[in-house]
Amino acid sequence: MTQVTKVQPRAVTVGEGLAVLVAAPGPLEASDSFDRSAGGAEANVATVLAQLDVSAAWLSRVGDDGFGRYLVAQLAARGVDVNAVAVDPARPTGLYVKERGAGTASRYDLGGDSSRMHYYRAGSAASALSPDDLTTSVAQSLLATADLIHFTGITPALSPSASQLTRALLAQPTTVSFDLNYRPALWDSRDAADELAHHVRGADIVLLGADEAADLFGTGEPDELRALFPEPAQLVVKNDKHSVVAFDGKAHIEVPALALTVTERIGAGDAFAGGYLAAHLHGADARTRLRYGHLCAAAALTAPGDSAKVPSPQQLQALAALDDHAWATLRYPDAVNATMTS
């Protein structure tokens, strides 16, 4: 009998997964049916990593319910290790409903290219995440051998105990990646700016949007953010100029995004993070890391759903290696299609 060697995950993502119910286009009250999918920032990043030849695990909590079992099965089917997902017998799995516009004359309809999220996550199983979730034998084994731990600002926003968990992750002797993902509605009366600034300063790799940084820290300018946060070895600022700036130590690199037509914006930031982190784990330089991020974000922006199906590693490698002029003229998904015929 052939023995199958279990691959120990190189990356561990930690945070809430959500069942997603996608309504038919039009006012939410008029939708007779809903399509089901899986979402959640850290779960999305894990699925991108798995597509890009990075073994990944997801550490979380789900309810002892059908949505929880669905989430775990979906992540496992996408190649993510789910052995560190705890089942909470007392709390439900979080979910959200995605309302999509049809552009009708109804006062309750959204524009034809718009969507709105309705979250039902208060008291969810993931809101009970705490440092205790890091003490299980499975979690300890994953964290001890991982090359990267990733979570977002959504996780500490879920509850004080979840914030204690992420602070414990910052103390791990492993490279820690943190995506700001500021969600004001989750913070209630807690001081989001101080808490999230602590996480930015404590992480090794930090990704943030210029707009959310301006709301929290008073500036969205990359150079000012670097001066404010010199601690992370890599600081990535997604700005409003259709480009991304990365500070890699003392180096400063800016790479423009690809031309494309947006279908859905949800999940693009997670896809960017997954692409960037996969390239980092494969030993790529800063320019290549940013290009991988852009290409994966483009895959999410041009397709419906939260979880992006990204280009193959071979396609990413070929496109990321283009010279600056060729990169600047790319349009997505035409560029990817061209690599399939060349």
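The values are calculated or read from the model by the stated rules, or taken from the named source; none is laboratory data. The structure presented is a predicted model; accordingly, all values stated were derived computationally and were not measured. Cβ atoms come from the backbone with ideal geometry, glycine included; neighbour counts cover every protein chain shown.
Just checking, does region 218-232 include any residue being polar (S, T, N, Q) and in a strand (DSSP E or B)?
no
Somewhere in region 145-153, is a residue within 17 Å of Leu59 (Cα to Cα) and of a type in the set (Gly, Ala, Ser)?
So far as region 145-153 goes, yes, one or more of its residues are within 17 Å of Leu59 (Cα to Cα) and of a type in the set (Gly, Ala, Ser).
Can you tell me which condition Gly153 does not meet? The list is (1) in contact with a helix residue (DSSP H, G or I) (Cβ under 9 Å, 6 or more places away or on another chain); (2) farther than 19 Å from Val237 by Cβ, and all the others hold.
(2)
Could you pull out the residue among Ala213, Ala297, Ala279 that is buried (at least 24 other Cβ atoms within 10 Å of the Cβ), modelled with pLDDT under 95, among the aliphatic types (A, V, I, L, M) and outside any loop (DSSP other than H, G, I, E, B)?
Ala297
Taking the stated definitions as given, is Ala76 surrounded by 14 or more Cβ atoms within 10 Å (Cβ to Cβ) and in contact with a Phe, Trp or Tyr (Cβ under 9 Å, 6 or more places away or on another chain)?
It is false that Ala76 is surrounded by 14 or more Cβ atoms within 10 Å (Cβ to Cβ) and in contact with a Phe, Trp or Tyr (Cβ under 9 Å, 6 or more places away or on another chain).
Of the residues in region 83-132, how many are of a type in the set (Gly, Ala, Ser) and within 30 Å of Thr302 (Cα to Cα)?
11
Arg190 versus (1) of a type outside the set (Val, Ile, Thr); (2) over 30 Å from Pro304 (Cα atoms); (3) at pLDDT 95 or above; (4) surrounded by fewer than 23 Cβ atoms within 10 Å (Cβ to Cβ): which is the lone unmet condition?
Arg190 satisfies all of (1) of a type outside the set (Val, Ile, Thr); (2) over 30 Å from Pro304 (Cα atoms); (3) at pLDDT 95 or above; (4) surrounded by fewer than 23 Cβ atoms within 10 Å (Cβ to Cβ) except (3).
Just a yes or no: is a residue in region 163-174 closer than 28 Å to Arg36 by Cα and either under 18 Å from the mean Cα position of the chain (by Cα) or modelled with pLDDT under 90 (or both)?
No, region 163-174 contains no residue that is closer than 28 Å to Arg36 by Cα and either under 18 Å from the mean Cα position of the chain (by Cα) or modelled with pLDDT under 90 (or both).
Out of (1) part of a loop (DSSP other than H, G, I, E, B); (2) among the small types (Gly, Ala, Ser); (3) at pLDDT 95 or above, what's the single condition that is false for Gly111?
(3)
Can you list the strands (runs of 3 or more DSSP E) lying wholly within region 15-67 that have 3 or more residues being touching a Ser or Thr at 6+ places or on another chain (Cβ under 6 Å) and more than 15 Å from Gly267 (Cβ to Cβ)?
Fully inside region 15-67 and qualifying: 56-63.
So that you can scan it fast, the table gives a plain yes or no per residue for (1) free of Cβ contacts under 8 Å to residues at least 12 places away in the same chain; (2) touching a strand residue (DSSP E or B) at 6+ places or on another chain (Cβ under 7 Å); (3) under 20 Å from Ala214 (Cβ atoms):
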| residue | (1), (2), (3) |
| --- | --- |
| Thr135 | yes, no, no |
| Ser161 | no, no, no |
| Arg167 | no, no, no |
| Leu186 | no, no, yes |
| Asp191 | yes, no, yes |
| Asp194 | yes, no, yes |
| His199 | no, yes, yes |
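Is it the case that Val12 is in a strand (DSSP E or B), over 18 Å from Phe151 (Cβ atoms) and in contact (Cβ under 8 Å) with a residue 60 or more places away in the chain?
no
Is at least one residue of region 329-342 among the aliphatic types (A, V, I, L, M), over 25 Å from the mean Cα position of the chain (by Cα) and either surrounded by 21 or more Cβ atoms within 10 Å (Cβ to Cβ) or modelled with pLDDT under 95 (or both)?
Checking region 329-342: at least one residue is among the aliphatic types (A, V, I, L, M), over 25 Å from the mean Cα position of the chain (by Cα) and either surrounded by 21 or more Cβ atoms within 10 Å (Cβ to Cβ) or modelled with pLDDT under 95 (or both).
In this structure, is Val310 touching a helix residue (DSSP H, G or I) at 6+ places or on another chain (Cβ under 8 Å), within 24 Å of Ala41 (Cα to Cα), buried (at least 16 other Cβ atoms within 10 Å of the Cβ) and of a type in the set (Val, Ile, Thr)?
Answer is yes for this residue.
Hey, could you check region 233-265 for residues that are of a type in the set (Gly, Ala, Ser) and part of a strand (DSSP E or B) and say which is surrounded by the most Cβ atoms within 10 Å (Cβ to Cβ)?
Ala246
Filter region 22-73 for residues that are within 17 Å of Met117 (Cβ to Cβ) and surrounded by fewer than 19 Cβ atoms within 10 Å (Cβ to Cβ) and give the result.
Scanning region 22-73 gives Ala24, Pro25, Gly26, Pro27, Leu28, Glu29, Ser31, Phe34, Asp35, Arg36, Ser37.
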